[in-house]
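All remarks here apply to the structure that follows.
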Amino acid sequence: MSEQYRPRLSIEISDEQAHELKTLIPWGLKNQLFTVIIDDVIRLSKLHGQHFIAAILARALKLEDYSTLEVPANDHD
């Protein structure tokens, strides 16, 4: 029996974080949610480099702010 390797992200979180995630995010949605967040972090890191990561770690940039980093071009200008 051959199993395909699937990379995983494993991080330590606090008991409180685990409880909040379990309470707030329905079972089965965590993978989908964090996959989208990871894709956005990768995309924005490519665009803004280490400044993006530094801003997150310094709490100068929060998840709800990420969408303001790019404003779609207005094709009508």
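The values are calculated or read from the model by the stated rules, or taken from the named source; none is laboratory data. Just so it is clear, the structure is predicted and the values come from calculations on it, not from any experiment. Cβ atoms come from the backbone with ideal geometry, glycine included; neighbour counts cover every protein chain shown.
Brief remarks follow.
- Looking across segment 21-54, just one residue is of a type in the set (Phe, Trp, Tyr) and not in a helix (DSSP H, G or I), and that is TRP27.
- Scoring THR23 on the criteria (1) at pLDDT below 90; (2) out of contact with any helix residue (DSSP H, G or I) (no Cβ under 9 Å at 6 or more places or on another chain) leaves a single failure, condition (1).
- Of the residues LEU69, LEU63, LEU29, the single one that is of a type in the set (A, V, I, L, M) and at pLDDT 90 or above is LEU29.
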